[in-house]
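See structure below.
Read-outs: derived from the displayed coordinates by stated rules, not from any lab. All figures in this text were calculated on a predicted structure; none of them were measured in a lab. Cβ placement follows ideal geometry from the backbone for every residue including glycine, while neighbour counts extend to all protein chains displayed.
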Amino acid sequence: MKLFEVYPLHDIEIVKGQGSLIWDKKGQEYLDMYGGHAVISIGHTHMHYVQRLTSQLNKIGFYSNSVKIPQQVQLAEKLGVISGRNNYQLFLCNSGAEANENAFKLASFANNRKIIVSFTKAFHGRTSLAVAATDNPKIIAPVNQTNNVVFLPFGDAIALENYFAENGSKVSAVIVEGIQGVGGIQVAGNIFLQTIRTMCDAYGAYFIADSVQCGYGRTGKFYAHDYAQINADIYTMAKGMGNGFPVAGIAIHPKLSPWYGMLGTTFGGNHLACAAALAVLEEIETHNLIKNAAIIGDYLITELKKIPQIIEVRGRGLMIGIDLPTELAHIKADLLFKEHIFTGEAKPNVIRLLPALNLTKAHADRFLTSFSKLINQA
Ligand SMILES: Cc1ncc(COP(=O)(O)O)c(C=O)c1O
């Protein structure tokens, strides 16, 4: 059978990783400033992570949610403490899209409403309602089209208030990324997020904080929405949660009470997934990686802002967007093929940095040196 290629592929085969470095099969070393799309949070083949997963696999790798899995309880407790929300409850699933689907479903069951408010340039996943709430008509199949999702301008608190004034009683949930990732590293302002909170409270709608990409300490706070000092009703998370092992979840505010059977999953919260997620949280806690993300991220942003050829540097912590003019669109490919540095991208010409939270200053400097060299040669 021929393989379906999900994306156009780079002709690179990665065979080994260690921390923020990876190697291809020819032995070429690369600096990983992309983390496989914000997934590698504590570095490749991290010793504690490998040991925790190996030791769990040697005991038991999987059993279904019909039995007690104490690792799930440990994970919920630790996540509650580190995220500062130990009064929430955790539902575990497998991917970011699935987390968002469950959040929509939970909100709709709770207030018996149908309208979901999403925002321009939002990305929430590729499954039915998650993709319908994603602002990209190209990936919304006819069967996913629905009048239940409304898009409002991202960052526009007035437009949001006006919409609620007319339709508030029909809104089930508002979903927003604390920093839009696929949308090009666009930071949601504090007033905008606080207005979402106020509108949801005033009209009985639920606030879903999509933290799939911007959460888990990446921005220098556990959830990027924390900068606005608000509590969401549901936080959805995935990517960095398992450092590469598929694990996702939703943290549910005590005002919501899902009943048995409302949310369910076969694979979600299995022993191995919990071991991976616990290893990540233990590492974040022991080495204060959220602080490291803030410090190294600030350093990168400050240094990048000194480069005059860049149109704009956006982001927080280790979620950074470098907006380049069209004539410098080739820099991303040059970084990979000339300087051997992996980065991400967003349309039209944004380079996205999403490295591991324990990125060192030396690796940040290696990136800055290569980037400046390429920009000055262009
Ligand atoms: C903000 C956001 N939400 C949801 C998703 C979907 O996550 P997954 O690919 O794990 O389904 C993504 C993936 O890029 C994302 O960036």
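Cα to Cα, under 30 Å, and not fewer than 8 places away if on the same chain: which lysines meet these conditions relative to K255?
Partners within reach: K68, K78, K105, K114, K121, K170, K221, K239.
Under 15 Å from the Cβ of Y216, count the other residues' Cβ atoms, weight Lys and Arg +1, Asp and Glu -1, and hand me the total.
Numbers: positive: K78, R85, R218, K221, K239, K291, R316; negative: E177, D210, D226, E282, E283, E285.
That works out to +1.
Taking the Cα atoms of the stretch 47-286, what is the range of coordinates along each of the three principal axes, in descending order and whole Å?
Cα extents, longest axis first: 57, 35, 35 Å.
Whats the longest run of the chain with zero chymotrypsin sites (Phe, Trp or Tyr not before Pro) that are DSSP loop and have at most 15 other Cβ atoms within 10 Å? Don't skip to the answer; put the middle values down first.
Working: sites that count: F4, F62, Y63, W259, Y260.
So the longest stretch without any such site is 64-258.
How long is the gain from D365 to I191 if the chain were fully straight, where each residue apart is worth 0.36 nm and the alpha carbon distance is subtracted? Don't jump to the answer; show the numbers that get you there.
Numbers: separation 174, 0.36 × 174 = 62.64 nm, distance 3.40 nm.
Contour length minus Cα-Cα distance gives 59.2 nm.
Taking θ = phi - 60°, what integer Hz values does the Karplus form 6.51 cos²θ - 1.76 cosθ + 1.60 yield along the stretch 116-133, in sequence order, with x for Gly and Pro?
Using θ = phi - 60°, the values come out as 10, 9, 10, 10, 4, 6, 5, 10, 10, x, 10, 8, 3, 7, 4, 6, 5, 8 Hz.
Mean residue ellipticity at 222 nm from the helices of the chain, using -39,500 (n - 2.57) per DSSP H segment of n ≥ 4 over the full residue count, to the nearest 500 deg cm²/dmol?
On the way: 11 runs with 132 residues, N = 378.
Calculated at 222 nm, the ellipticity per residue is -11000 deg cm²/dmol.
State the antiparallel share, in %, of DSSP beta bridges confined to the chain, rounding to the nearest 5. Walk me through the numbers on the way to the answer.
Numbers: 31 of 48 bridges.
Antiparallel bridges make up about 65 percent of those DSSP assigns within the chain.
With θ set to phi - 60°, apply the Karplus curve 6.51 cos²θ - 1.76 cosθ + 1.60 along the stretch 225-240 and write out the HN-Hα couplings as whole Hz, x wherever there is a Gly or Pro.
Going residue by residue, I get 5, 5, 4, 8, 6, 10, 10, 7, 7, 9, 9, 9, 9, 7, 3, x Hz, with x marking Gly and Pro.
Please report, to two decimal places, log10 I(q)/I(0) for the stretch 19-87 at q = 0.27 Å⁻¹ as given by the Debye formula with identical point scatterers on the Cα atoms and no solvent.
Reported log10 I(q)/I(0), two decimals: -1.15.
List, in order, the whole-Hz ³J(HN,Hα) value for each residue of the stretch 272-283 obtained from phi through the Karplus relation with A = 6.51, B = -1.76, C = 1.60 and θ = phi - 60°; use x for Gly and Pro.
Per residue, the Karplus-derived 3J(HN,Hα) values read 5, 4, 5, 4, 5, 5, 5, 4, 5, 5, 4, 5 Hz.
Assuming R0 = 51 Å, can you tell me the calculated FRET efficiency for the pair E166 and T265, based on Cβ-Cβ distance, to the nearest 0.05? Intermediate values should be presented prior to the final figure.
Values: r = 37 Å, r/R0 = 0.72.
Working from the Cβ atoms, E equals 0.85.
In nm, to one decimal, how far is the V73 label point from the Q145 one, both placed 7 Å along Cα→Cβ?
Here the modelled spin labels are 5.0 nm apart.
Report the local net charge at A293: Lys and Arg +1, Asp and Glu -1, summed over other residues whose C-beta lies under 10 Å from its C-beta.
With Lys, Arg at +1 and Asp, Glu at -1, the neighbours total +3.
Below 8 Å between Cα atoms, with a sequence gap of 6+, how large is the relative contact order for the stretch 1-103 in percent? Write out the running numbers ahead of the final one.
Values: 57 pairs, mean separation 13.3, N = 103.
Worked out over the stretch 1-103, it gives 13 percent.
Can you tell me the relative contact order of the chain? Whole percent, Cα pairs under 8 Å, sequence separation 6 or more.
Values: 766 pairs, mean separation 84.4, N = 378.
Relative CO of the chain lands at 22 percent.
Which trypsin sites (Lys or Arg not before Pro) in the stretch 279-378 sit in a loop by DSSP (not H, G, I, E or B) and have at most 15 other Cβ atoms within 10 Å of their own Cβ?
Numbers: sites: K291, K305, K306, R314, R316, K332, K338, R352, K361, R366, K373; in loops: K305, K306, K338.
Hits after loop and neighbour filter: K305, K306, K338.
Let me see the P(r) profile for the stretch 260-377: every Cα-Cα distance counted, bins of 5 Å, each bin given as a percent of all pairs.
Reading the bins upward from 0: 2, 10, 18, 19, 15, 10, 9, 8, 5, 3, 1, 0, 0.
Using the Kirkwood radius over Cα pairs, work out the Stokes-Einstein diffusion coefficient for the stretch 301-352 at 10 °C and 1.306 mPa s, in µm²/s as a whole number. Write out the running numbers ahead of the final one.
Values: Rh = 11.3 Å.
Roughly 141 µm²/s, to the nearest whole number.
Is there a quick way to get the dipole size of the chain? I mean about its Cα centre, with the Cβ of Lys and Arg at +1 and of Asp and Glu at -1; what is the value in debye to the nearest 20?
Numbers: 33 positive and 30 negative charges, 93 e Å.
Computed about the Cα centre, the dipole is about 440 debye.
Say the cut-off is 29 Å between C-alpha atoms; which of K306/K361; K16/K338; K138/K305; K138/K361 go over it? Walk me through the numbers before you get to the answer.
Details: K306/K361 17 Å; K16/K338 20 Å; K138/K305 34 Å; K138/K361 39 Å.
In this structure, K138/K305; K138/K361 exceed 29 Å between Cα atoms.
Give me D201, D334 ranked fewest to most by other Cβ atoms within 10 Å of their Cβ, as a rough exposure proxy.
Numbers: D201 11, D334 18.
By the 10 Å Cβ count, ascending, the order reads D201, D334.
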